[in-house]
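I have placed the structure first, in the form of structure tokens, so that the comments after it can refer back to it.
The values are calculated or read from the model by the stated rules, or taken from the named source; none is laboratory data. Not measured: the values here are computed from a predicted model. Ideal geometry is used to build each Cβ from the backbone, glycine not excepted, and the neighbour counts take in all protein chains shown.
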Amino acid sequence: MVTQNSATTWSRRRVLASLAGVAIVAPFMRGERGGAGDSVLLRYTSHVPNSHGLYAKVFRPWEEIVSEKTNGRIRWEHFVDGLLHGSLDGFKAVAAGVTDYTHGYATYQPGSFHLTHGLQLPFLFPNSGVASLVSEELYPEYLKGEYERMGVYLAHCNSTTAYDILSRTPVRTPADMRGLKVRSTGGLMAEMLRQVDAIPVVLAAAEAYTAFQRGIIDAVALAAPDMAAYRLYEIGSYYLPIRLTHTVIQYCLNPRTFASLPADLRGLLYDLFRLVGQVANRNFYGGEALDTAVQTITAGGAEILELSPEERQAWMDAVFPLEQRFIEENERLGLPAAAFVREAKERSARYTGWSDQELWDQVSAHPVQGVIDV
């Protein structure tokens, strides 16, 4: 008898085995992947389920924009729910030709990046729309070399909502974090938790529910929309809106796929990728979507813990030393960390107070150049 789980596993293995034999050529043979005329069919993959906002509220609306702006010449195959690869395998999947476009998160490969981790410095960005835009503005000068060493192009940057804390027991001050095992990304987010004597446990967001349920972790550091999407409020009873840091999440693109596109489609797709971070901000990580996520968390039974100004300042004081440590460690490697941090703060301040529409108009009218050499 074949169970549902074993059938799913077998199916995934069969698909991967089939793809492995053609991975070198399949994504780049437009006759095989494309349709009539000069339209192209590209493969989008993700570890999130089709109900998750990153797919339903970000990729799908952006896909409609792409279809409209290219008159249907760029089309997509969708493989979600981790069908073709897991949450940690985006870079490998692109390099192997399993996919054309997927997540390639620097936070899940902390040892492979340096300055990129500075995008996680605490209290750096006011919201996810600014974080996405500034990250792409910084990318050509400071981050491109270390990202492309992974054998991929950067498609675009999204940014989560600022990370909050959802816990089983009340957490108000850094002292309350002492000894707690907390779901985290790698890099600076993990360092922030260590700075307040918590124990970071690096897990993909999709794996947090089971770990929380089983007591492997005591709390999660995550954006509110992800807390809502993964129903973590069913386990965590206390929600602390600390807005500690944004996690900029990168999506990668297969260089050979991009090179195989007609020249005019390369330019169009490049400019359209610049919009994805703002779609994510408007539809999932910010605005009404963020308000709805917080309402979902509280309706699910979690109590919001409001901080006094003194308690919030205690958090800022506790994690501030990470900035200087980040600069010193990277300057010793010969990297321009001080200039990177200074410019990140200046660019972030420039856009602070801009509306979502103003950010959208900026990206539409003046797409950042140099992310990919088109």
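Summary table
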| quantity | calculated |
| --- | --- |
| Among (1) surrounded by 23 or more Cβ atoms within 10 Å (Cβ to Cβ); (2) within 30 Å of residue 329 (Cβ to Cβ); (3) polar (S, T, N, Q) - the single one residue 87 does not satisfy | (1) |
| Evaluation of residue 245 against (1) at pLDDT 95 or above; (2) buried (at least 23 other Cβ atoms within 10 Å of the Cβ); (3) polar (S, T, N, Q) (one fails), failing number | (1) |
| First in region 63-90 and closer than 18 Å to residue 41 by Cα, second anywhere and assigned to a helix (DSSP H, G or I) and of a type in the set (Gly, Ala, Ser), Cβ under 8 Å, 6 or more apart | 74/67; 75/67; 84/93 |
| Yes/no for residue 85 being modelled with pLDDT under 95 and either touching a strand residue (DSSP E or B) at 6+ places or on another chain (Cβ under 9 Å) or farther than 19 Å from residue 204 by Cβ (or both) | yes |
| Close pairs from region 186-212: first within 23 Å of residue 172 (Cα to Cα) and not assigned by TED's automatic domain parsing to the domain that holds residue 314, partner among the acidic types (Asp, Glu) and part of a helix (DSSP H, G or I), Cβ under 9 Å, at least 6 apart | none |
| Set 84, 124: member being more than 30 Å from residue 313 (Cβ to Cβ) and in a loop (DSSP other than H, G, I, E, B) | 84 |
| Only one of 269, 240 that is crowded, with 22+ Cβ neighbours inside 10 Å and in the same structural domain as residue 173 (by TED's automatic domain parsing) | 240 |
| Per-region count, region 51-84, residues closer than 21 Å to residue 230 by Cα and either acidic (Asp, Glu) or touching a Pro at 6+ places or on another chain (Cβ under 7 Å) (or both) | 3 |
| Yes/no for residue 215 being more than 20 Å from residue 321 (Cβ to Cβ) and either crowded, with 24+ Cβ neighbours inside 10 Å or hydrophobic (A, V, I, L, M, F, W, C) (or both) | no |
| So residue 129, is it outside any strand (DSSP E or B), surrounded by fewer than 24 Cβ atoms within 10 Å (Cβ to Cβ) and among the small types (Gly, Ala, Ser) | no |
